[in-house]
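The block underneath contains the structure these notes are about, expressed in structure tokens.
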Amino acid sequence: MQSNDKKISGVLHPNSSAQHFQLRRYLPESTLAPLIEQFWLVDWDLRGQQPHNQQNLPDPNMHLVISQQGAKVLGPVSKKYHYCMQGQGKIIGVKFNLGVLAKRLPCPIDKAVDTEFEAADILLFDQQKLVENTLNADCDKDVVTHLDETLRKIVMPQDSALSNVQALAEQMKNNNEIKRVEMLADISRTSVRTLQRLFKTYVSLPPKWLIRKYRLSHALEMLENRQLSLTELAANLDYADQSHLIRDFNGFLDITLSNIRKPTKLQNQIYS
């Protein structure tokens, strides 16, 4: 079982947040690689302490989330949301590769944004058995083994269009120089209209939204690390001035920049 040691994108104040919960991430075996990006396990023990309000703005990948409340499949997320950790608990998750569940949904994926489904309805397994086997497992390895045995049954051949969408999304995430959909169209040697159609089919969120999300997330990281001032960052991202950048952070990420460098006021994101 191989740990995923890649950087978690979009994390705020990782050092201060580490005191509230423990996060482990594991890569899937090769047979599951077309379906799954990673397994993630979180647990916490805050008995006798204040609850921890966890704020999340994940990638648009869908997730299987297992907790005491059952097993849910989360559709693509378009906004920051909160999870309150209190007492003692755990969450077990699977981050699917971008778009791989689009054709398994009971509705078009653009209707699944910010929506959750009963996992058994999407993945067709014994939901109660999986919840019991994973939450009561003795170690992380047993958890991942149970997930592996359950999910390998739904691995399907991946079509070329989806592979192309995944590659383009990865470029948007890792290349901060991509500032407009037209630039992405040039890279992919296709039209803007075709990109919009593909992302609507497999991702639900338009490429323009993803470019903006990743660029602002990257900007947030630079501010967090004190690499650039607000004025420098606004110029770097082609904003007319820093007030426009601040408005975008407030409206798009729901983050107040006056709190960026105050770790006690902002919490981290789990799902990357």
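The values are calculated or read from the model by the stated rules, or taken from the named source; none is laboratory data. In this text, all values refer to a predicted model and were calculated from it rather than measured experimentally. We place every Cβ from the backbone using ideal geometry, glycine too, and count neighbours over all the protein chains shown.
At a glance:
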quantity: Pairs where the first residue, in the range 247-259, is in the same structural domain as Thr231 (by TED's automatic domain parsing) and the second is modelled with pLDDT under 75 and assigned to a helix (DSSP H, G or I), C-beta under 6 Å, 6+ apart; calculated: Phe249/Leu257
quantity: Residue within the range 115-129 that is polar (S, T, N, Q), part of a helix (DSSP H, G or I) and either out of contact with any Gly (no Cβ under 8 Å at 6 or more places or on another chain) or buried (at least 20 other Cβ atoms within 10 Å of the Cβ) (or both) present; calculated: yes
quantity: From Thr115, Thr190, Thr150, Thr194, residue being assigned by TED's automatic domain parsing to the domain that holds Phe21 and either touching a Ser or Thr at 6+ places or on another chain (Cβ under 7 Å) or more than 19 Å from Glu37 (Cβ to Cβ) (or both); calculated: Thr115
quantity: Spans of helices (runs of 4 or more DSSP H) in the range 151-241 with at least 2 residues more than 30 Å from Val65 (Cα to Cα) and modelled with pLDDT of 85 or more; calculated: 181-188, 192-202
quantity: Members of the range 20-45 that are over 20 Å from Gln68 (Cα atoms), hydrophobic (A, V, I, L, M, F, W, C) and under 14 Å from the mean Cα position of the chain (by Cα); calculated: Ile36
quantity: Positions within the range 185-217 being surrounded by 19 or more Cβ atoms within 10 Å (Cβ to Cβ) and out of contact with any helix residue (DSSP H, G or I) (no Cβ under 8 Å at 6 or more places or on another chain), in sequence order; calculated: Arg215
quantity: Pairs, first touching a residue at least 60 places away in the same chain (Cβ under 8 Å) in the range 94-113, second crowded, with 17+ Cβ neighbours inside 10 Å and among the small types (Gly, Ala, Ser), C-beta under 6 Å, six or more apart; calculated: Leu98/Ala169; Ile109/Ala102; Ile109/Ser204; Asp110/Ser204; Ala112/Gly75; Val113/Gly75; Val113/Ser204
quantity: Residue match in the range 14-25 (condition: in contact (Cβ under 8 Å) with a residue 60 or more places away in the chain, closer than 14 Å to Asn97 by Cα, in the same structural domain as Cys139 (by TED's automatic domain parsing) and aromatic (Phe, Trp, Tyr)); calculated: no
quantity: Flag if Lys90 is buried (at least 20 other Cβ atoms within 10 Å of the Cβ), of a type in the set (Lys, Arg) and assigned to a strand (DSSP E or B); calculated: no
quantity: Pairs, first closer than 14 Å to Lys200 by Cα and among the β-branched types (Val, Ile, Thr) in the range 162-175, second part of a helix (DSSP H, G or I) and at pLDDT 90 or above, C-beta under 8 Å, six or more apart; calculated: Val165/Leu198; Val165/Phe199; Val165/Tyr202
quantity: Selection status of Thr134, in contact (Cβ under 8 Å) with a residue 40 or more places away in the chain, of a type in the set (Ser, Thr, Tyr), within 22 Å of Leu210 (Cβ to Cβ) and not assigned by TED's automatic domain parsing to the domain that holds Thr194; calculated: no
